[in-house]
Amino acid sequence: MTLRLWNSLDKKLVDLDPVIPGEVRMYNCGPTVYSDPHIGNFRSFLMGDLLRRVIDQRGFKTTHVVNITDVGHLTTDDVADASGEDKLEKEAREQGIDPFEIARKYEEVFHTNARQLNFRLAHEYPRATDHIPEMIEMIEKLIERGHAYEVEGVGVYFRVHSFEKYGCLSGNTLENLESGSRIAVDDRKESPHDFALWKIDEKHLMQWDSPWGRGFPGWHIECSAMSYKYLGGTFDIHTGGEDNVFPHHECEIAQSVGAGVGEFARIWMHARHLLVDGRKMAKSEGTFFTIKDLIERGFQGYEIRYSLISNHYRQPMNFTLEGLEGEAKAVSRLRVLREKLETVADEDFGRDQELLESLDSTRQAFDACIDDDLNLSGALGVLHERTRLLGRELPRGVAAGDALEFLRHCDEILGVLFVEEVVAEDTLSGEQQSWIDQREAARENREWDLADSLRDQLKEAGILVEDGPDGPTWTRIR
RNA sequence: GGCGGCAUCGCCAAGUGGUAAGGCACGGGUUUGCAAAACCCGCAUCCCCGGUUCGAAUCCGGGUGCCGCCUCCA
């Protein structure tokens, strides 16, 4: 079985056939650490995590790099020159602190969220600001090879007309760009489409020395420099959100190939954006969610993860809280089955050969979906169907162990079944606790009306009480 | 203006030539003091019009509608 992936470079499905047999090297465009990452960011990062898990499971040696962009990008100006303001810097001014402090703070938030969503750890998380010399070196190579030029006191630009393949990824060839020209002319540049590699702007807070003066690197060079350092000039997979296609990834290709370090990435994968309530995510619309927001609403990390991976990455996803609620129920059923199987797995029952074979064919169907360009919806369909069969007639003993083994296999990709629930520290008010106690007393005395009215009372206070074999449990209604 | 994507049950969503997976919701049932959870049963002919084919949700042509990128953006 071969993993087939949609390569957005040549717009077709290709077999994953690594440059180095048996070894896959992958670069995921990671977070820009100037604010809390949102669920849309994580949908894209999760595509990288899913890939990582599949590649591991298929037995490849993996090198997985996720970059941390701690030099921000321009926020203003449609002129690609040095007059824009860095997002990190803007954030720093607003918060009145050092931009590096902000970057470290949000880098930490990213890692926390990634843990909450059960990401497998990448092998490297290189920071842009730790790789300024590498970037400078690459810019020098580009100048040497005629792909870049310095504008005295302004910076260094990439000469797009020197790179024939410009536009190969996005379709934004120079011809197309010129016919649809919306970029203001800046006569310091040879072509309006030339993009900055190094910028000089004394107002900028983050500054480094370079052969062209004190300044800061352009928007795209970090990924070219860092992927080269950690993965070499030719590697297997490069991922990002769809908005990265142009200009970011297009420019990366121009830089890396132009610098002569290799072919650069063979397979490009781009996640479609996530919408919220059918619209683009926006703070002003109230459609902006961070992982923290959802956890504060009482959702588990694995529920959020399940929701974000349950749609195909190449399809726009419409996130809604109602949808998340439904997906939380779906994953809960899977976890309940897991728990049931765990409790009976020790029982003295033998193997069920027929079940074992049937599980194996389900596993193959599951894998086939995953291998087909990460068809998670299809794979989850297969899993739920099997779950229903297992729930109908719960296997015991060794057979239960076999069923668990099957679930574990699926969960190596999904990462939602065998993770512990995070129980938030939470206590009821004394009054609410006494209602629960009173209700228990009433139930002892078979005073059902009183018991039920107490439960209604709690429900109005947002507390859901459920009776189980070990007495009542309560949860907050989310 | 340039480049690209999508339209399948109330909602989410698989299926890409062989006669519509799955989840949520909903209805009925088992269980429960009642609930909840769990389990069982039920629940669509695929935007429109033409065409190709023995056969199309799946291919082709034409509509209609929606969306993304082209500027920082996952």
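Each 5 Å bin from 0 upward holds the following percent of the Cα-Cα pairs of segment A:430-476: 6, 23, 37, 26, 8, 0. Relative contact order of segment A:19-271, taken over Cα pairs closer than 8 Å and 6 or more residues apart, is 24 percent. A protection proxy built from the mean count of other Cβ atoms within 10 Å ranks the segments A:416-428, A:165-177, most packed first, as A:165-177, A:416-428. Rounded to the nearest 5, the antiparallel percentage of DSSP beta bridges internal to segment A:1-75 is 40%. Taking Cα centroids, how far is segment A:41-74 from segment A:343-395 in Å? Computed from Cα coordinates, the inter-centre distance equals 28 Å. Equivalent-ellipsoid semi-axes for segment A:218-305 (Cα gyration tensor, √(5λ), whole Å, largest first): 34, 15, 11. Ordering A:Arg335, A:Arg120, A:Arg446, A:Arg145 by the number of other Cβ atoms within 10 Å of each residue's own Cβ, fewest first, gives A:Arg446, A:Arg145, A:Arg120, A:Arg335. Our analysis of segment A:276-414 gives Rg over Rh at 1.05, with the two radii drawn from alpha carbon positions and Rh computed by the Kirkwood formula.
Separation of the alpha carbons by more than 25 angstrom is noted for no pair of A:Lys141/A:Lys199; A:Lys90/A:Lys280; A:Lys90/A:Lys199; A:Lys105/A:Lys203; A:Lys61/A:Lys229. Pair-distance distribution P(r) for segment A:19-271, from all Cα-Cα distances in 10 Å bins starting at 0: 7, 31, 37, 21, 4, 0 percent. Quick note on chain A: its Rg to Rh ratio, both from C-alpha atoms and Rh being the Kirkwood radius, is 1.05.
By the beta-carbon count within 10 Å of each Cβ, the least crowded to most crowded order of A:Phe42, A:Phe246, fewest first, is A:Phe246, A:Phe42. Placing pseudo-labels 7 Å out from each Cα toward the beta carbon at A:Glu124 and A:Arg478 gives an inter-label distance of 3.7 nm. Using a simple spin-label model with pseudo-atoms 7 Å out from Cα toward Cβ, A:Val19 and A:Glu354 lie 5.2 nm apart. Each of A:Arg188 and A:Gln433 was given a label point 7 Å from its Cα along the Cα-to-Cβ line. The distance between the two points is 6.7 nm. Using Cβ point charges alone (K and R +1, D and E -1), the dipole size of chain A about the Cα centre works out to roughly 720 debye.
Using the Cβ of A:Gly233 as centre and a radius below 14 Å, the other residues enclosed give a net charge of 0, where K and R count +1 and D and E count -1. Compared with the dominant principal axis of the Cα atoms in chain A, helix A:397-414 is inclined by about 30°. Cβ-Cβ distance of A:Glu325 and A:Asp98, R₀ of 45 Å, FRET efficiency by 1/(1 + (r/R0)^6): the value works out to about 0.65. Counted by neighbouring Cβ atoms within 10 Å, the residues A:Thr473, A:Thr290 run from fewest to most as A:Thr473, A:Thr290.
No lab work stands behind these numbers, since they all come straight from the coordinates. Just so it is clear, the model here is predicted, and its values are computed rather than measured. Methodologically, a virtual Cβ is constructed for each residue, glycine included, from the backbone with ideal geometry; neighbour enumeration extends over all protein chains shown.
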